[in-house]
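The values are calculated or read from the model by the stated rules, or taken from the named source; none is laboratory data. This is a predicted model, so every value here is computed, not measured. Here the Cβ is made from the backbone with ideal geometry for all residues, glycine too, and neighbour counts use every protein chain on show.
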Amino acid sequence: MHVKVEPSGCCERKGLVQVRFCMYLDPEDYGYASHHIQMPVIPAEGYPGKVGTFGIPIDRDDYRKWIESLPKAWQNNPFHNHLIYVEPDATDKEIMNIGEAFLHEAYIKWACEQKLDLMNQPSEFPATITSARLSAIHTRVQSLKSTALERKI
């Protein structure tokens, strides 16, 4: 199993850095087959049929047939996602240590078919957020978004 920082979930939140972890199973892990799935490969031009408001296909049956006709690719979906909040000076190692701890906890519950209701330590959001703090947060968020952080266990 492994845990990755998902860049799309990293941002500023109430004066802290929000970090999103995605947790994945490996082939030898319990329940791997339920998250290793085939997905249609949708071409860049998208659905060729008529669409209505917001790009929603008008003929649902035709859309379903089109989707079913597309080639498929294997995809490994996360079995759990989790958010944490850290100070802007938290190191990559500290962040990944937290991710690893939550991965262990999540997998134990997953393998026992329990609800994945992982709890963070309560976060203390700062009462005031200075421009210097915001700048440090944005710098850290950009670093997280541009660095592939992953730990395999």
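Observations
- Restricting the stretch 133-146 to residues that are under 10 Å from P88 (Cβ atoms) and of a type outside the set (D, E, K, R), the residue that is surrounded by the most Cβ atoms within 10 Å (Cβ to Cβ) is I137.
- If you go through the stretch 94-115 and pick out every residue that is out of contact with any Leu (no Cβ under 9 Å at 6 or more places or on another chain) and outside any loop (DSSP other than H, G, I, E, B), you end up with 9.
- Residues located in the stretch 12-28, provided they are buried (at least 16 other Cβ atoms within 10 Å of the Cβ) and either closer than 11 Å to Y107 by Cα or in contact with a strand residue (DSSP E or B) (Cβ under 8 Å, 6 or more places away or on another chain) (or both): E12, L16, V17, Q18, V19, R20, F21, C22, M23, Y24, L25
Quick grid of which residues meet (1) under 26 Å from F102 (Cβ atoms); (2) in contact with a His (Cβ under 8 Å, 6 or more places away or on another chain); (3) in contact (Cβ under 8 Å) with a residue 24 or more places away in the chain; (4) assigned by TED's automatic domain parsing to the domain that holds F102:
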site: E12; (1), (2), (3), (4): yes, yes, yes, yes
site: G15; (1), (2), (3), (4): yes, no, yes, yes
site: V19; (1), (2), (3), (4): yes, no, yes, yes
site: V41; (1), (2), (3), (4): no, no, yes, no
site: A44; (1), (2), (3), (4): no, no, no, no
site: T53; (1), (2), (3), (4): no, no, no, no
site: D62; (1), (2), (3), (4): no, no, no, no
